[in-house]
Amino acid sequence: MGISEVEGSFNKFDGAFDFDQKTKKLNNVELVIQTKSIDTDNQKRDAHIRKKDFFHVKKFPQITFKSTKTYYKLSSPVKLEGLMTLLGVTKPVTFKITYQGMRNDPWDTSKKAIFFKASALVNRKDFGLTWNKSMDTGGFVLGDKVTLNLKVEAFKEGVRPAFSRFYLPTKIIKKSVKAQILSQPIVEVVAPKKAVNVQKVVKQEEVENEAQSIFLNLVVGFVFFVLLIGTAIIIQIKLTKFLERKEFGYRATFIIPNLTVMIFIYIVAIQLAPYMGYGPHPWLK
């Protein structure tokens with residue numbers, strides 16, 4: 001029996017909390033997750049998870065978490081207790097926290113972000129997630145324990161990270177970037193001169209002649225082609241009957257008419273080539 005772990009994530013969520021950078025006090029943590037946004041990199045599996053067997057997203061569109069108590073070690077938050085609601089069931093959940101400090105936004109160093117990592121182990125059956133399926137080799141498809149991992153990058157309320165992957169650029173950011181671009185000095189670049197190739201100007205008369213040539217090639221060429229094939233068939237039939245009357249053998253009766261027709265088509269096709277699209281049409285010369 002093989003055991004494997006399936007990882008998934010939610011693509012739509014919102015969160016907020018109070019944090020004092022000086023005292024490292026963390027309070028009032030709130031998180032709202034849209035269950036429909038589940039992504040396990042398997043569309044068939046995701047569709048099943050959204051149904052009644054699991055998240056039942058039509059009836060329970062959100063998972064929520066609200067903190068109740070924070071524990072500290074060496075003045076940094078290390079554990080967070082709170083209440084998580086899933087499928088209408090609310091249960092206490094405890095997260096282990098790692099405070100990673102404050103860092104500059106890589107796109108705008110004037111803005112700073114706070115980083116946390118958090119993880120918790122929950123029993124899915126506590127929230128009514130009881131679906132399972134037995135395997136032929138024994139055991140079940142799903143285990144009861146689920147690990148929740150959070151990676152948090154948080155900004156102060158009202159601050160938008162510059163071109164962050166979490167936000168679309170706002171009007172203020174666009175205006176700031178535009179002003180920065182306009183403030184840059186304009187450097188005039190002169191491209192090196194190159195010789196200009198003077199092309200022949202096509203006259204209107206030449207264009208009209210070309211159009212007429214194409215039309216004649218299509219029409220006349222088609223007519224000549226039909227006549228050529230029809231004549232070749234008649235020659236083959238006549239010659240075959242003639243050889244049969246002269247009591248030629250089967251092989252000669254077959255080969256001689258076909259060979260004659262091939263030579264006939266080849267010679268006539270060469271003569272009619274100008275009328276069938278090879279070069280300018282003779283009638284327009």
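The values are calculated or read from the model by the stated rules, or taken from the named source; none is laboratory data. Just so it is clear, the model here is predicted, and its values are computed rather than measured. With ideal geometry, Cβ positions are generated from the backbone for all residues, glycine too; neighbour counts draw on all protein chains shown.
Quickly run through the stretch 237-276 and pick out the residues that are of a type in the set (A, V, I, L, M, F, W, C), over 25 Å from Gly221 (Cα atoms) and in a helix (DSSP H, G or I).
Just the residues of the stretch 237-276 that are of a type in the set (A, V, I, L, M, F, W, C), to begin with: 237, 239, 242-243, 248, 252, 254-256, 259, 261-265, 267-270, 272-273, 276.
Pick out the ones that are also over 25 Å from Gly221 (Cα atoms) and you get 239, 242-243, 248, 252, 254-256.
Hits for the stretch 237-276 are Leu239, Phe242, Leu243, Ala252, Phe254, Ile255, Ile256.
Taking Leu87 as the residue in question, decide whether it is at positive phi, assigned by TED's automatic domain parsing to the domain that holds Thr147 and surrounded by 13 or more Cβ atoms within 10 Å (Cβ to Cβ).
The answer is yes for Leu87.
Could you check Thr40 against (1) of a type in the set (Ser, Thr, Tyr); (2) under 28 Å from Phe19 (Cα atoms); (3) at pLDDT below 95 and say which number it fails?
(2)
Quickly run through the stretch 111-136 and pick out the residues that are of a type outside the set (Ser, Thr, Tyr) and part of a strand (DSSP E or B).
Within the stretch 111-136, Lys111, Lys112, Ala113, Ile114, Phe115, Phe116, Lys117, Ala118, Ala120, Leu121, Val122, Asn123 qualify.
Checking Gly82 against (1) farther than 22 Å from Val146 by Cβ; (2) at pLDDT 95 or above; (3) of a type outside the set (Phe, Trp, Tyr), only one condition comes out false. Which one?
Here Gly82 clears every test but (1).
Could you say which residue among Thr253, Thr240 is at pLDDT below 85, touching a Leu at 6+ places or on another chain (Cβ under 6 Å) and surrounded by 14 or more Cβ atoms within 10 Å (Cβ to Cβ)?
When all the criteria are applied, what remains is Thr253.
For (1) of a type in the set (Phe, Trp, Tyr); (2) loosely packed, with under 15 Cβ neighbours inside 10 Å; (3) closer than 18 Å to Ser9 by Cβ, each residue gets a yes or a no:
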| position | (1), (2), (3) |
| --- | --- |
| Lys44 | no, yes, yes |
| Ala47 | no, yes, yes |
| Phe65 | yes, no, yes |
| Leu74 | no, yes, no |
| Leu83 | no, yes, no |
| Asp105 | no, no, no |
| Phe116 | yes, no, yes |
| Lys125 | no, yes, no |
| Thr130 | no, yes, no |
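Which count do you get for residues in the stretch 11-49 that are under 19 Å from Leu83 (Cα atoms) and in contact with a helix residue (DSSP H, G or I) (Cβ under 9 Å, 6 or more places away or on another chain)?
Of the residues in the stretch 11-49, 2 are under 19 Å from Leu83 (Cα atoms) and in contact with a helix residue (DSSP H, G or I) (Cβ under 9 Å, 6 or more places away or on another chain).
Give the stretch 56-79 a look and list any residue that's at pLDDT below 95 and either under 36 Å from the mean Cα position of the chain (by Cα) or assigned to a loop (DSSP other than H, G, I, E, B) (or both), or say none.
Leu74, Ser75
Taking into account only those residues within the stretch 1-34 that are at pLDDT 90 or above and of a type in the set (Asp, Glu), which is nearest to Phe140 (Cα to Cα)?
Glu7
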